[in-house]
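Heads up, the thing below is written out as structure tokens.
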Amino acid sequence: MKKRLLILEDGTVFTGTAFGSERASQGEVVFTTGMTGYQETISDPSFYGQIVTLTYPLIGNYGINRDDFESITPAIRGFVVRELAKTPSNFRCDLTVDEYLTSKDIPGIEGIDTRKLTRIIRSKGSVKAILTAADEEVNVDEVVAKLQATPAITHHVREVSPKAAYPSPGRGKRVVLIDYGMKHGILRELNKRDCDVLVVPYNTSAEEILAWHPDGIMLSNGPGNPEDVVEGIETVRNLIGKVPMFGICLGHQIFSLACGAQSFKLPFGHRGGNHPVKDLRTGRTDLTSQNHGYAIDNDSLKDTDLEITHIALNDGTCEGVRHKKYPIFTVQYHPEASPGPEDSNHLFDEFIEMMEVEAGKGKQHA
């Protein structure tokens, strides 16, 4: 078995066993806490540019199947696990994790102390790192200097958003879904409710979107800093008050920025399927699936037309907002799950009901 190094920008070096692609890869190291759902994690576009660490010690025991992908092309830069299952056992299994990552040219490393790595990230924040072969030619000091000098990735969304619009037909409400790096679970939930969906790129103008006469607009999840998505913020600003909207994760952040709020980078983000979120309107607490490195500043919402509807019970950060004047609401977490609990799946039904109410108002005024 070939050895591989994971070198962090602070000089920490982990030595483990290589799997997946043989190439070297650089990215931001993050951790996610899900016990299952590694296939959805690998294929989630919100992980673009990142080396993903799984905190659960055994990964890959049910393999990779044809049903659980969240995108066609995975965007992660690397995969870090304590132990990788070599012989998965599940009736849906088509490939091992090793085989799948090899086919997608993504390197992985196993056999390192993922608890130590997670503690480093929790204490220092997400750090840049490189996965590379463990050979005598590797100069750790040079690698660290290179990592420290490398600027952070920007404009993630344009790398994972589609280049052209495409339909996902239905006979129900017409929804334009702005794809900032959409998990397919969002599209699945809309299709289950028979929505007639048009998926459009992140830089589609408000005029183009409104020309489709949508009943509602969905703002998808996606990777990176919401402040980088300048075109998206401008589009959403021009759509406010025109049609009902529902935003998820990055979509929540972009909408909040369009309304005048501010965002900030979390030290190590929220990633995993066990994050408790409280609905301030009902007092109900849901366990939620999350994957984001930025959040909306609570205090910055005070002078906007938005009110906080949900908060994270772990750190008090904003997990949802609602517009005070127009039929628009957003959440920071993932009601479509994939992976994670489906406690908040009902939000898609609320979106459908909101569109029906607005359509009814239109008929009354006609």
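The table for this structure:
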| read-out | value |
| --- | --- |
| Rounded to the nearest 20 debye, dipole of the chain from Cβ charges on Lys, Arg, Asp, Glu | 320 debye |
| Spatial separation of Cα centroids for the range 36-55 and the range 56-82, in angstrom | 7 Å |
| Environment charge at residue 229 (Cβ cut-off 13 Å; Lys +1, Arg +1, Asp -1, Glu -1) | -4 |
| Computed magnitude of the charge dipole of the range 259-366 (debye, nearest 20; Cβ of K, R +1, Cβ of D, E -1) | 220 debye |
| Dipole axis of the chain (+1 Lys, Arg; -1 Asp, Glu on Cβ), positive-most option in 62, 239, 79 | 62 |
| Highest-first arrangement of 229-236, 129-136, where packing means the average Cβ count within 10 Å | 229-236, 129-136 |
| Fraction of accessible area attributable to carbon and sulfur, the chain (%, probe 1.4 Å) | 48 percent |
| Mean-position separation - Cα centroids, the range 299-348 and the range 162-184, in angstrom | 21 Å |
| For the chain, the fraction of alpha-carbon pairs in successive 10 Å shells from zero, as % | 5, 25, 33, 23, 11, 3, 0, 0 |
| Of all DSSP beta bridges in the range 147-234, antiparallel share, percent nearest 5 | 25 percent |
| Antiparallel DSSP beta bridges within the chain, as percent of all bridges there, nearest 5 | 60 percent |
| HN-Hα J in Hz across the range 36-53 - Karplus 6.51, -1.76, 1.60, θ = phi - 60°, x for Gly and Pro | 10, x, 5, 5, 5, 5, 4, 9, 7, x, 5, 8, 3, x, 10, 9, 9, 9 |
| Given charges at Cβ of Lys, Arg, Asp, Glu: the chain dipole, positive-most of 198, 165, 6 | 198 |
| Stokes-Einstein D (µm²/s) once Rh is taken as the Kirkwood radius of the range 1-144 over alpha-carbon pairs, at 10 °C in 1.306 mPa s | 106 µm²/s |
| Mean Cβ count within 10 Å, highest first, over the residues of peptides 181-188, 152-159, 33-40, 137-144 | 181-188, 33-40, 152-159, 137-144 |
| Note, ³J(HN,Hα) from phi for the range 336-341, Karplus 6.51, -1.76, 1.60, rounded to Hz, x at Gly and Pro | 7, 6, 6, x, x, x |
| Amide proton proximity set for residue 61, modelled H, under 5 Å, gap of 5+ | 85 |
| Simple Cβ-charge dipole of the range 140-268, Lys/Arg +1 and Asp/Glu -1, about Cα centre, in debye nearest 20 | 480 debye |
| The chain: DSSP helices with Cα axial extent of at least 24 Å and average Kyte-Doolittle hydropathy no lower than -1.0 | 346-365 |
| Residues whose placed amide H lies under 5 Å from that of residue 333, excluding near-sequence neighbours | 249 |
| Whole-number D in µm²/s for the range 288-366 (Stokes-Einstein; Kirkwood sum over Cα pairs; 4 °C, 1.567 mPa s) | 91 µm²/s |
| CD proxy at 222 nm, helix term only [per DSSP H run n ≥ 4: -39500 (n - 2.57); per residue of the chain; nearest 500] | -7000 deg cm²/dmol |
| Percent antiparallel among DSSP beta bridges (both partners in the range 1-54, rounded to 5) | 50 percent |
| Vicinal HN-Hα couplings computed from phi for the range 301-318 (Karplus, 6.51 cos²θ - 1.76 cosθ + 1.60; Hz; Gly/Pro x) | 7, 5, 9, 10, 8, 10, 10, 6, 10, 9, 10, 7, 6, 6, 9, x, 6, 5 |
| Proportion of all alpha-carbon pairs of the range 234-366 beyond 20 Å (%) | 43 percent |
| Dipole of the chain [Lys/Arg +1, Asp/Glu -1 at C-beta], most positive-end residue of 256, 95, 140 | 256 |
| Amide hydrogen neighbours beyond the local backbone of residue 31, cut-off 5 Å, H modeled | 53 |
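The values are calculated or read from the model by the stated rules, or taken from the named source; none is laboratory data. Quick caveat: nothing in here was measured; it's all calculated off a predicted structure. Using ideal geometry, Cβ is built from the backbone for each residue, glycine included, and neighbour counts are taken over all protein chains shown. Quick note on the areas: whole protein, heavy atoms, side chains included, nothing else; ligands and nucleic acids left out. Shrake-Rupley method; radii C 1.70, N 1.55, O 1.52, S 1.80 Å.
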